[in-house]
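Report on the following structure.
The values are calculated or read from the model by the stated rules, or taken from the named source; none is laboratory data. In this text the structure is predicted, and so the values were computed from the model without any measurement. FYI the Cβ positions are ideal-geometry reconstructions off the backbone, even for glycines, and counts take in every protein chain you see. Note: areas computed on protein heavy atoms with side chains; ligands, DNA, RNA excluded. Shrake-Rupley method; radii C 1.70, N 1.55, O 1.52, S 1.80 Å.
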Amino acid sequence: MLKSILIRLATMFVTLVGVAIVVFILIRVAPGNPIAMMVSPGATEADIAQLTALYGLDKPLLQQFFIWAGGVLQGDFGTSITLKQPVAGLVLERLPATLELSILALLIAMAIGGATAVWGAKERGRPGEAGVDLFNGATLSIPDFLWGLLLILLFGVLWPVFHISGRVSPQLDLDFTTNFYLFEALVRFRFDVLQDLMAHMLMPALSLALPLAAIISQLLKQSLKDVLQLDYTVLARVRGFTETQVILREALRNAALPTLTLIGVQFTFLIGGTVIVERLFAYEGLGNMAIDAVINRDLPLIQGIVLMFACLFILVNLVVDIAYTFLNPRLRHG
């Protein structure tokens, strides 16, 4: 196990280097001058040249990369061109909001997907299963940003019970020590803040969760149907267990293993999907800042955000692989 983890960590490093090289080259060969976009209309060519030299954009591309990579290895991701602040601080400031939104969306997706999968497996061969399949198909056919628009229309305009923009109401007194507002509100029993956070987060989280819930439901339902045909589940029925007890106590644990891998892979896509959803709800997360960075061609900020997303993707996949190995006895003892 330790050898496997070390190999994966080495692979992670190589992957991050590859991502850094590709992103560095792509954003610099794209047309447009980021310095010209940040200066005032009356700036002279000399002013633009001075700022270009200040940010090191006048040097050869290879030299720029090594200067930037050397800073990254020391924890210095550069300074944002538009915000005039260190990129590392900006990324770490917004990262907790995106992580909380993604985790909440994952929990909602697992709850909806798991419940509908169990119901579909219990009703297999009957109209209840067809209803679950119809629900999954309809839910999966609508992308997350369109779900966001529908939820804004329903629960933000027609029946305004949730907030449609922002992360937390500005009038609240937040004396938190971290930017993990949701976690810290739970720890400190700040239920007023918790209620306000959920009122802001529920709609974007649900927008991200619904397509993922359909995928989880469909795979888990099929896995449950396969397991329910095995001998030990038949024996459980003979012992007097109800169909729900057979599914929850006997079948679900083994049927959930393939779904675990799917959840890990889909969670990385879910994190990437926060970019559009955060913009739609004006949510103060990393995805929203990424769009601003791309619009303004803020090269150091784009590089820092992409590297952070790449780290998240790789770490999630590593955790899923380790968890799957521990939960699967054949791999654990192999």
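Descriptive notes on the structure:
- In region 152-166, the residues that are in contact (Cβ under 8 Å) with a residue 12 or more places away in the chain form Cβ pairs under 8 Å with partners that are outside any loop (DSSP other than H, G, I, E, B) and open to solvent by 70 Å² or more (accessible area, probe 1.4 Å), at six or more places apart or across chains, as follows: ILE164/VAL157.
- Residue list for region 95-110, filter: crowded, with 21+ Cβ neighbours inside 10 Å and under 19 Å from ILE291 (Cβ atoms): ALA97, THR98, LEU101, SER102, ALA105
- First in region 43-65 and at pLDDT below 80, second anywhere and assigned to a loop (DSSP other than H, G, I, E, B), Cβ under 7 Å, 6 or more apart: ASP47/VAL39; ILE48/VAL39; LEU51/VAL39; THR52/ASP58; TYR55/ILE81
- Residues of region 78-94 that turn out to be buried (at least 20 other Cβ atoms within 10 Å of the Cβ) and within 19 Å of the chain's Cα centre (by Cα), as a count: 3
- Region 276-293, subset hydrophobic (A, V, I, L, M, F, W, C) and crowded, with 21+ Cβ neighbours inside 10 Å, residue modelled with the lowest pLDDT: ALA293
- Pair list, Cβ < 7 Å and 6+ apart or interchain, from region 125-141 residues that are closer than 12 Å to SER217 by Cα to residues that are part of a loop (DSSP other than H, G, I, E, B) and open to solvent by less than 90 Å² (accessible area, probe 1.4 Å): GLU129/GLU123
- Hey, ARG124 under 30 Å from ALA251 (Cα atoms), assigned to a loop (DSSP other than H, G, I, E, B), of a type outside the set (Asp, Glu) and in contact with a helix residue (DSSP H, G or I) (Cβ under 7 Å, 6 or more places away or on another chain) or not: yes
- Any hit, region 233-248, residues being more than 23 Å from LEU146 (Cα to Cα), open to solvent by 50 Å² or more (accessible area, probe 1.4 Å) and of a type in the set (Lys, Arg): yes
- Among residues of region 222-232 being touching a helix residue (DSSP H, G or I) at 6+ places or on another chain (Cβ under 9 Å) and assigned to a helix (DSSP H, G or I), the one that is surrounded by the fewest Cβ atoms within 10 Å (Cβ to Cβ) is TYR232.
- Enumerated helices (runs of 4 or more DSSP H) restricted to region 239-334, each holding at least 3 residues that are farther than 30 Å from LEU51 by Cβ: 252-280, 299-327, 329-332
- Test result for VAL187, open to solvent by 60 Å² or more (accessible area, probe 1.4 Å) and of a type in the set (Val, Ile, Thr): yes
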